[in-house]
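The structure appears right after this line, and notes come after that.
The values are calculated or read from the model by the stated rules, or taken from the named source; none is laboratory data. Source: prediction; values computed, not measured. Every residue, glycine as well, gets a Cβ built from its backbone with ideal geometry; the counts of neighbours run over all protein chains shown.
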Amino acid sequence: MGKPYVSSSVIKRLPRYYRHLGELKAEGRVRISSVELAKRLGFTASQIRQDLNCFGGFGQQGYGYNIEQLHYEIGNILGFKLQKKTVLIGAGNLARAIALHMGFEAKGFQLIGIFDKKESLVGETVKGLPIRHIDTLDEFCREHFPTTAILCIPKDGVKSVAEQLIHLGVRGFWNFSHYDLLIDHPEVVVENVHLGDSLMRLSYKIADLENNG
């Protein structure tokens, strides 16, 4: 029997469940009903039960959900147990902020290398890692076998670097570059992050509120 299909909309909601359950755990809460969890998240209790039933359910009738257990199980579903070796391509302001503040280990990633083409940046350290020249990427990957890359470089420089990384065994990309990797490489997994798009959606919502409020 094959793995049951889980929709992308369910997967998109899992990090939000994980984050809120972590907050409840930090508050010292032990259990929560689907109704109460739904109120915190702005979902329906039925939606939460349907989502979690995709992975086995985890709740008990009349008890609800054990917060610590559910937090742990969702972390497993999201793949946090597997520490994925990761390289960061680019060492500009955005890349440095990501390296310093993202908390990779807690989310299942191990940042092992940072690369940039600027000679002036080579040798600086970010979060204890030296910035290496991009020309050393091939040798580094053949020695350390990363499976994931974060792309924080201009769009026009991405294609060749991405193809190099794919050739070296990288299969997952967190992509801030605005270059659509999946057009040429449908065999990899990509999470695209478009900060400008998010800001434009906010602009629309504010304008809509002001026009119709």
message = Restricting to region 60-82, and then to whatever is over 11 Å from Gly22 (Cα atoms) and among the charged types (D, E, K, R), can you tell me which residue is modelled with the highest pLDDT?
response = Glu73
inquiry  = Restricting to region 115-124, name every residue that is out of contact with any Asp or Glu (no Cβ under 9 Å at 6 or more places or on another chain) and among the aliphatic types (A, V, I, L, M).
reply    = Leu121
task = Confirm whether Leu37 is over 23 Å from Gly108 (Cα atoms), surrounded by 13 or more Cβ atoms within 10 Å (Cβ to Cβ), aliphatic (A, V, I, L, M) and touching a strand residue (DSSP E or B) at 6+ places or on another chain (Cβ under 9 Å).
result = yes
query = Looking at (1) over 18 Å from Lys107 (Cα atoms); (2) surrounded by 15 or more Cβ atoms within 10 Å (Cβ to Cβ); (3) not assigned by TED's automatic domain parsing to the domain that holds Ile131, which is the only condition Ser46 fails?
reply = (2)
task = For Leu94, work out the one condition from (1) under 19 Å from Phe173 (Cα atoms); (2) hydrophobic (A, V, I, L, M, F, W, C); (3) in the same structural domain as Glu23 (by TED's automatic domain parsing) it doesn't fulfil.
result = (3)
task = Go through the residues of region 141-160 one by one and say whether even a single one is touching a Ser or Thr at 6+ places or on another chain (Cβ under 6 Å), assigned by TED's automatic domain parsing to the domain that holds Gly92 and charged (D, E, K, R).
result = yes
task = Enumerate the pairs (first residue in region 72-93 and hydroxyl-bearing (Ser, Thr, Tyr); second residue anywhere and part of a strand (DSSP E or B)) with beta-carbon separation below 8 Å, excluding pairs fewer than 6 apart on the same chain, so at least 6 apart or on different chains.
result = Thr86/Phe109; Thr86/Gln110; Thr86/Leu111; Thr86/Ile112; Thr86/Thr148; Thr86/Ala149; Thr86/Ile150
task = Could you check how many residues of region 1-49 are charged (D, E, K, R) and within 15 Å of Gln69 (Cβ to Cβ)?
result = 3
note = In the set Gly64, Gly59, the lone residue that is of a type in the set (Gly, Ala, Ser), surrounded by 13 or more Cβ atoms within 10 Å (Cβ to Cβ), touching a helix residue (DSSP H, G or I) at 6+ places or on another chain (Cβ under 8 Å) and at negative phi is Gly59
